[in-house]
Amino acid sequence: QVQLVESGGGLVQAGGSLRLSCAASGTIFSINAMGWYRQAPGKQRELVAAISSGGSTNYADSVKGRFTISRDNAKDTVYLQMNSLKPEDTAVYYCNAEVRTDSSRRQYRYWGQGTQVTVSP
């Protein structure tokens with residue numbers, strides 16, 4: 001069993017910054033990719049940023065140049081530094097991880113409970 005716990009969400013004015021953290025715990029053999037998704041009311045859940053075990057990153061076009069994803073493999077933690085926030089960034093942000101719980105090659109995708117990010121105009 002694996003749990004992902006997010007923290008760092010909150011309310012911020014446009015132009016401000018927030019840093020989200022997500023720590024994985026439980027029976028973990030290894031973690032491949034980790035990432036952040038977000039979902040606003042009436043919209044599809046979308047990928048915000050992802051990072052591989054080796055540090056390669058991928059960002060949604062809407063956040064390029066403003067957000068930075070990073071990870072600390074020793075702590076099984078992924079971060080999302082969000083700068084120059086815009087009202088359209090308002091959403092529930094979900095942490096995601098591809099996890100192996102034993103020595104097999106089977107991977108399972110785990111999700112955090114989500115953390116609310118609200119950006120006021």
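The values are calculated or read from the model by the stated rules, or taken from the named source; none is laboratory data. From a predicted model like this one, the values you see are computed outputs, not experimental measurements. When we count neighbours, we look across all protein chains shown, and the Cβ atoms used for this are built from the backbone with ideal geometry, even at glycine. SASA here: full protein model, heavy atoms, side chains in, ligands and nucleic acids out. Shrake-Rupley method; radii C 1.70, N 1.55, O 1.52, S 1.80 Å.
The table for this structure:
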{"read-out": "Rounded if a/c under 1.5, otherwise prolate or oblate - region 1-40, Cα gyration tensor axes", "value": "prolate"}
{"read-out": "Per-peptide average of other Cβ atoms within 10 Å, ordering 32-45, 100-113 highest first", "value": "32-45, 100-113"}
{"read-out": "Reference-scaled alpha-carbon Rg (2.2 N^0.38 Å with N residues) for the chain", "value": "1.04"}
{"read-out": "Heavy-atom accessible area order for 62, 56, largest first, 1.4 Å probe", "value": "56, 62"}
{"read-out": "Accessible area of region 15-121 belonging to carbon and sulfur atoms, whole % at 1.4 Å probe", "value": "45 percent"}
{"read-out": "Label-point separation in nm, residue 46 to residue 113, each point 7 Å along Cα→Cβ", "value": "2.7 nm"}
{"read-out": "Between region 4-44 and region 59-109, the alpha-carbon center distance in angstrom", "value": "6 Å"}
{"read-out": "Ordering of 76-83, 2-9 by burial proxy (mean other Cβ atoms within 10 Å per residue, highest first)", "value": "76-83, 2-9"}
